[in-house]
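Working notes, beginning with the structure itself.
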Number of protein chains: 2
Amino acid sequence: MHSPEELLALYEQKFNSSNFNESPSALYDPVKHIMSIKGKRIRPLLLMMSCDLFGGSVAEALNPAFALEVFHNFTLVHDDIMDNADIRRGIPTVHKKFGINSGILAGDVMLAYAYKYLTDIPVVHIPELLRIFNQTAIEIFEGQQLDMDFEKRTNVAETEYLKMIEYKTSVLLGCALQMGAVLAGADQENQKRIYDFGLNLGLAFQIKDDYLDAFGDGEKVGKKIGGDIVQNKKTYLLITALQAAKGAQLDELHALLNNTNEEEKIAGVKHLFETLGVKVIAENRMNQLYDKAIESLQSVMVEAPRKELLLKLARAVHERDF
Amino acid sequence: MHSPEELLALYEQKFNSSNFNESPSALYDPVKHIMSIKGKRIRPLLLMMSCDLFGGSVAEALNPAFALEVFHNFTLVHDDIMDNADIRRGIPTVHKKFGINSGILAGDVMLAYAYKYLTDIPVVHIPELLRIFNQTAIEIFEGQQLDMDFEKRTNVAETEYLKMIEYKTSVLLGCALQMGAVLAGADQENQKRIYDFGLNLGLAFQIKDDYLDAFGDGEKVGKKIGGDIVQNKKTYLLITALQAAKGAQLDELHALLNNTNEEEKIAGVKHLFETLGVKVIAENRMNQLYDKAIESLQSVMVEAPRKELLLKLARAVHERDF
């Protein structure tokens, strides 16, 4: 088996901006711009680790791994337009730098490239990989729509919120792991188990994201705490608080949402998150989802030592405070 | 073999808005809006006719036929945003009715659905169909970029213009025909010939579009003649005129491009198109492309009578005055 570092080295060795056409440059410069942001490669890594877990050929997993990275970046480009975001990881977003039309078209061509690399694999696996990927892509677009819908609503139930983050972000992690399993020839039962591992870990990860914005250590998280609170962003914490608060506390919460004093607002909302039990609810939900993820991984039918790398990764995700 | 009417009846019987999910409605209502515009179904029809030509099962061609229609409509949705177009075939464009974000996301999910239906075919054909489709999709996005690039340039060579319309519109016609051939088990030689038939017919069609805007009969074309001229749209005629005009005629052309009197402008530009020989150049180019298309079709190795339906369709496209 290969360490995550070895897998990522193989990946970086193979892929760079030469994996796209050069011309017309007005189309491909924006693609190269977003692809130049070197993220954590979590989706390619999960795909390769899963393939390795089930004893598959990591070399055959490289193209679909790149496909998922291209696809993920495509969603960022289009989401940034929809969210009117100017900055991503410290550099201007594609539409900010190149214009909205370039953002739309660069995203479109990236989606086509994702399919191109996804299917540049041994033909026997193409139909199954495509089926999983199409389903996932459709869910992701539905998740983005739910997210936009929720921003306009005053009350969103926890189950609705969980469905949204499942579709918008977690299914792609499950998809990455399942694809690796398919490439390694794993059976459907094991595919389902490794998929569920990724799905639940992704949900826990997403709630942690919301949680750290309110209760993290600014120095460790690397950004100012309370950014979501200031923006009234419908996080897991806020939607849970809106469901839990009654009477005077609900009035207080609504007043805080309209408070323009940032410090007061952050402190007040965090205090309410604690007194309403929202902080504990979030912690319990994360633990429950993490346990579910680990249970799924444990049930995968390969020898236990092979699972150590993914277990370690899951533990790191769960325990992160940044 | 089946008549075009029979093929279209099969198609209409199978596909309607129930071929998309229902929810979230904010995502799928825009999809249904654009799909409700009943176009000429030229791409599905070409795919089915080609499959029929080579003796394939038309039933197996239905899903990819729908995929091409979904894909084509997706490009219209995103192109309309980029072109800032308010109306398409008499109804509001998707982004005009539902907003730009809805237009972007509805387009994205349509592209995923296109891949879903494209690959809902006997597995043996999936890799080949995907290869052709991915290549075509990438070319179409490159063509749209070239089109946008050209709008900002003063001089565009004829070969550049032909490359742009080839990528932006003609490759999808070639792709439709080649896919039908693949599904019917035609060999690569025949695939290439039927592809070239579509490609060249598409080019002739596109130039005809430009031509009819200037020299068509308004009653037959169904819209006011000279719309492209008024907008200084870089049509085949205008780019050829800009290349051909020298000295006083070039000055006159530039003056006309800035003339705000629509009637004067249309009459003046049309007059220049004639005196510069642009009208004849366009006619010759269309005839040449049409002849090339027919030659390709004639070289397809099936009995001549089987080609009659496609020949008739090509002739209708070539001789249309609307």
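The values are calculated or read from the model by the stated rules, or taken from the named source; none is laboratory data. If you're wondering where the values come from, they're calculated on a predicted model, not measured in any experiment. Neighbour counts are summed over all protein chains in view; Cβ atoms, including those assigned to glycine, are modelled from backbone coordinates with ideal geometry. Side chains included, ligands, DNA and RNA excluded: accessible areas come from the protein's heavy atoms. Shrake-Rupley method; radii C 1.70, N 1.55, O 1.52, S 1.80 Å.
Out of B:Leu297, B:Leu257, B:Leu289, B:Leu253, which single residue is buried (at least 19 other Cβ atoms within 10 Å of the Cβ), hydrophobic (A, V, I, L, M, F, W, C), farther than 22 Å from B:Gln178 by Cβ and touching a helix residue (DSSP H, G or I) at 6+ places or on another chain (Cβ under 9 Å)?
Numbers: B:Leu297 fails: farther than 22 Å from B:Gln178 by Cβ; B:Leu257 fails: buried (at least 19 other Cβ atoms within 10 Å of the Cβ); B:Leu289 fails: farther than 22 Å from B:Gln178 by Cβ.
B:Leu253 is the lone residue from the list that is buried (at least 19 other Cβ atoms within 10 Å of the Cβ), hydrophobic (A, V, I, L, M, F, W, C), farther than 22 Å from B:Gln178 by Cβ and touching a helix residue (DSSP H, G or I) at 6+ places or on another chain (Cβ under 9 Å).
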Across (1) assigned to a loop (DSSP other than H, G, I, E, B); (2) at pLDDT below 95, B:Asp209 clears everything bar (1)
Scanning the range B:163-188 for residues that are under 15 Å from B:Phe133 (Cβ atoms) and open to solvent by 30 Å² or more (accessible area, probe 1.4 Å) gives B:Tyr167
The correct count of residues that are open to solvent by less than 80 Å² (accessible area, probe 1.4 Å) and closer than 18 Å to B:Asp213 by Cβ in the range B:260-279 is 11
Taking the range A:217-240 and keeping only residues that are open to solvent by 20 Å² or more (accessible area, probe 1.4 Å), in contact with an Asp or Glu (Cβ under 7 Å, 6 or more places away or on another chain) and touching a residue at least 24 places away in the same chain (Cβ under 8 Å), one is left with A:Asp217, A:Lys220, A:Ile225, A:Val230, A:Lys234
Practice item. Report whether or not B:Val77 is in the same structural domain as B:Ser3 (by TED's automatic domain parsing), farther than 24 Å from B:Asn190 by Cβ and touching a Pro at 6+ places or on another chain (Cβ under 8 Å). Key: yes
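Just checking, does the range B:171-179 include any residue being under 20 Å from A:Ala106 (Cα atoms), more than 9 Å from every other protein chain (Cβ to nearest Cβ) and not polar (S, T, N, Q)? Give the steps one after another, and end with the answer.
Looking only at the range B:171-179, we keep the residues that are under 20 Å from A:Ala106 (Cα atoms), and these are B:171-172.
In the following step, the residues that additionally are more than 9 Å from every other protein chain (Cβ to nearest Cβ) were identified as B:171-172.
Add one more test, that the residue is not polar (S, T, N, Q), and what stays is B:171-172.
Yes.
Look through B:Val70, B:Val58 and report the one residue that is within 14 Å of another protein chain (Cβ to nearest Cβ) and of a type in the set (Val, Ile, Thr).
Working: B:Val58 fails: within 14 Å of another protein chain (Cβ to nearest Cβ).
So the residue among B:Val70, B:Val58 that is within 14 Å of another protein chain (Cβ to nearest Cβ) and of a type in the set (Val, Ile, Thr) is B:Val70.
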Reported set for the range B:253-293 where residues are free of Cβ contacts under 8 Å to residues at least 40 places away in the same chain and of a type in the set (Val, Ile, Thr) is B:Thr260, B:Thr275, B:Val280
The helices (runs of 4 or more DSSP H) lying entirely within the range A:232-322 that contain at least 1 residues which are closer than 21 Å to A:Glu166 by Cβ are A:236-244, A:278-299, A:308-319
Problem set entry | So B:Asn190, is it more than 14 Å from chain A (Cβ to nearest Cβ) and not in a helix (DSSP H, G or I) | no
So for the range A:75-91 (the condition being facing another protein chain (nearest Cβ under 9 Å), among the polar types (S, T, N, Q), part of a helix (DSSP H, G or I) and open to solvent by 20 Å² or more (accessible area, probe 1.4 Å)), does at least one residue qualify?
no
- State yes or no: is B:Asp210 open to solvent by 40 Å² or more (accessible area, probe 1.4 Å), among the charged types (D, E, K, R) and within 18 Å of B:Ala316 (Cα to Cα)? no
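Consider B:Lys152 carefully, then state whether it is farther than 27 Å from B:Gly222 by Cα and modelled with pLDDT under 95.
Spelling it out, B:Lys152 is indeed farther than 27 Å from B:Gly222 by Cα and modelled with pLDDT under 95.
Can you pull out every residue in the range B:97-112 that is more than 7 Å from every other protein chain (Cβ to nearest Cβ) and touching a residue at least 12 places away in the same chain (Cβ under 8 Å)?
Step one: filter the range B:97-112 for residues more than 7 Å from every other protein chain (Cβ to nearest Cβ), giving B:97-100, B:102-103, B:106-107, B:110.
If the condition is that a residue be more than 7 Å from every other protein chain (Cβ to nearest Cβ) and touching a residue at least 12 places away in the same chain (Cβ under 8 Å), then B:Lys97, B:Phe98, B:Ile100, B:Ser102, B:Gly103, B:Ala106, B:Gly107, B:Met110 are the ones that fit.
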So, first residue more than 8 Å from every other protein chain (Cβ to nearest Cβ) in the range B:118-138, second residue part of a helix (DSSP H, G or I) and among the charged types (D, E, K, R), Cβ within less than 7 Å, six or more apart or across chains; the pairs are B:Ile121/B:Glu60; B:Pro122/B:Glu60
So, first residue within 10 Å of B:Leu118 (Cα to Cα) in the range B:57-71, second residue of a type in the set (D, E, K, R) and at pLDDT 95 or above, Cβ within less than 7 Å, six or more apart or across chains; the pairs are B:Asn63/B:Asp120; B:Leu68/B:Arg43
Test result for B:Tyr195, modelled with pLDDT of 95 or more and away from chain A (no Cβ under 14 Å)
yes
A:Thr159 meets each of (1) in contact (Cβ under 8 Å) with a residue 12 or more places away in the chain; (2) more than 10 Å from chain B (Cβ to nearest Cβ) with one exception, condition (1)
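Determine whether A:Asp120 is at pLDDT 95 or above, assigned to a loop (DSSP other than H, G, I, E, B) and under 22 Å from B:Gln135 (Cβ atoms).
Working: at pLDDT 95 or above: yes; assigned to a loop (DSSP other than H, G, I, E, B): yes; under 22 Å from B:Gln135 (Cβ atoms): yes.
So A:Asp120 passes the test.
Go through the range B:92-111 and report how many residues are part of a loop (DSSP other than H, G, I, E, B) and open to solvent by less than 10 Å² (accessible area, probe 1.4 Å).
Initially, the range B:92-111 is screened for residues part of a loop (DSSP other than H, G, I, E, B), giving B:93, B:99.
Those left that are additionally open to solvent by less than 10 Å² (accessible area, probe 1.4 Å): B:93.
Summing the residues that are part of a loop (DSSP other than H, G, I, E, B) and open to solvent by less than 10 Å² (accessible area, probe 1.4 Å) in the range B:92-111 gives 1.
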Flagged in the range A:1-52 as open to solvent by 50 Å² or more (accessible area, probe 1.4 Å), touching a residue at least 24 places away in the same chain (Cβ under 8 Å) and over 24 Å from the mean Cα position of the chain (by Cα), in numbering order, are A:Met1, A:Asp29
